[in-house]
Amino acid sequence: MEGNLPRRALNLILDWAELHQAELLTDWELCTQKRTPNKIEPLRYEKLMYWNVTAVEPQQHLSLKVKFEDGLEGIVRFKPSHLTGVFEALKDETYFKQVFISYGAVAWPGELDLAPDAMHQEIQTHGEWVLE
């Protein structure tokens, strides 16, 4: 089997596998004996992670309006001083407007994303998250 998953999706799957390690090992044994494996609870990250982003909208260059699973809304602002390294691509206004949601995180093409848990915490505390 081959393929690629976004980093966040892969991490969610690895977390799920760790939580269900004993069940997976039991099912592996059953499969090696050509027996039917037991059902394992599926990944339900959307119910566990209240900080998942459900909506994102560019407001102006370097500013986003976001909404979370739990209804919290706020603003994410980038200061130009933060636009170095992987974030340098966001200087391009056309690229910045290509923002989308990937597995509950604010993301841009090329696997650039923001940590939704840190974003949620800052917006809950301050009403906005300023990256400087």
### Query
Taking residue 91 and the conditions (1) on the phi > 0 side of the Ramachandran plot; (2) modelled with pLDDT of 95 or more, which numbered condition does it fall short on, given that it satisfies the others?
(1)
### Task
Can you tell me which residue within the stretch 79-132, out of those that are acidic (Asp, Glu) and farther than 14 Å from residue 65 by Cα, is surrounded by the fewest Cβ atoms within 10 Å (Cβ to Cβ)?
132
### Task
Only residues that are closer than 21 Å to residue 116 by Cβ and either surrounded by fewer than 11 Cβ atoms within 10 Å (Cβ to Cβ) or assigned by TED's automatic domain parsing to the domain that holds residue 111 (or both): list them for the stretch 15-36, please.
18
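The values are calculated or read from the model by the stated rules, or taken from the named source; none is laboratory data. Remember, predicted model here, so these are calculated numbers, not experimental data. Counting neighbours? That spans all protein chains shown, and the Cβs are built from the backbone with ideal geometry, glycine included.
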